[in-house]
Amino acid sequence: MQTNVVKQLNDAMQTVMQTAREQVLAKMGNKLTVAEKTSRRDLVTNVDHSNEDFLISKIRQLDPTAHILAEEGTGDRVTSMAGHVWIVDPIDGTMNFVHQRNHFAMMVGFYVDGEPTLGYICDVMANKLYAGGPQLGVTLNGEPMKSPADADLADGLFGASAPLLIQDRFNMQAVVAASLGPRIMGSAGIQISQVLAGELIAYLSYLRPWDFAAGRVLAETLGLVVTTLDGSPVDMLSSGAVLIATKRAQRSILAIV
């Protein structure tokens, strides 16, 4: 896409994300309707649904012919990354949203013929909006971000998935032992944003497309790597273990897992 078109979309989507944040904050003062999806640890609320509806409606106004893959199923049945594809997570970290009223995010990723083009992670309670892509760079609340230092695993904190760490999947305990220690937040969006900011050297978890679509765009723009655990490119329409890391940390982690 032409850079001026991408910039216009980026400007418009940042406004959409800020409006969505304001609506979520307003609804937090009301009683939530909470339901289980697959288990008592996999929740969905009325705010997940209403925020997904809002984001999809705005994206359709901005990009009418695009396909939209959304967590709660309001979007399209997307079977190919051809053309314009938006991937939406209306509330990432719903368990945190329900029980802590903190540490949750909204995420949107935009891909053109499979290429990462724009990404947005909004840390709702901290009022931090990470936005941008390879043609524009990445900003935090409108200010340009620098690439984080290429620190090794031994020199940084590691963003861990609680289930993977407890069950020692993918040698997660050995990875943690090789780092300066684990940090667990229960939200992919929050932990990926911490990798973007250089607060973590990596984040590893079992993720679905809406969990990492936005983060991939932003991370790769900042010189980080996003891969599977054999170092292969991620499949944007599949779920699996995904690693977001500095280049040096990725090499060390892959040697362990």
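The values are calculated or read from the model by the stated rules, or taken from the named source; none is laboratory data. All of these numbers come straight from a predicted model, not from anything done at the bench. When we count neighbours, we look across all protein chains shown, and the Cβ atoms used for this are built from the backbone with ideal geometry, even at glycine. The protein model used for the area step is the full one, side chains on, heavy atoms only, and it has no ligands, DNA or RNA in it. Shrake-Rupley method; radii C 1.70, N 1.55, O 1.52, S 1.80 Å.
Within the set Leu237, Leu164, Leu196, Leu243, the sole residue that is open to solvent by 50 Å² or more (accessible area, probe 1.4 Å) and not basic (Lys, Arg) turns out to be Leu237.
Filter region 96-109 for residues that are open to solvent by 10 Å² or more (accessible area, probe 1.4 Å) and outside any loop (DSSP other than H, G, I, E, B); which is modelled with the highest pLDDT?
Asn96
Check region 126-142 and report whether any residue there is more than 20 Å from Asp92 (Cα to Cα), open to solvent by 60 Å² or more (accessible area, probe 1.4 Å) and over 20 Å from the mean Cα position of the chain (by Cα). No, because not a single residue in region 126-142 is more than 20 Å from Asp92 (Cα to Cα), open to solvent by 60 Å² or more (accessible area, probe 1.4 Å) and over 20 Å from the mean Cα position of the chain (by Cα). Of the strands (runs of 3 or more DSSP E) contained entirely in region 110-226, those carrying at least 2 residues that are without any contact (Cβ under 8 Å) to a residue 60 or more places away in the chain and closer than 30 Å to Gly83 by Cβ fall at 137-140, 202-207. Among the residues making up region 202-223, a single one is β-branched (Val, Ile, Thr) and open to solvent by less than 10 Å² (accessible area, probe 1.4 Å): Val217.
Let's see how each residue does on (1) hydroxyl-bearing (Ser, Thr, Tyr); (2) without any contact (Cβ under 8 Å) to a residue 60 or more places away in the chain:
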position	(1), (2)
Met1	no, no
Asn4	no, yes
Leu9	no, no
Ala12	no, yes
Thr15	yes, yes
Glu22	no, yes
Thr33	yes, yes
Val47	no, yes
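Conditions tested, residue by residue: (1) under 17 Å from Ser239 (Cα atoms); (2) under 16 Å from the mean Cα position of the chain (by Cα).
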residue: Arg60; (1), (2): no, no
residue: Asp92; (1), (2): yes, yes
residue: Phe97; (1), (2): no, yes
residue: Arg101; (1), (2): no, no
residue: Phe104; (1), (2): no, yes
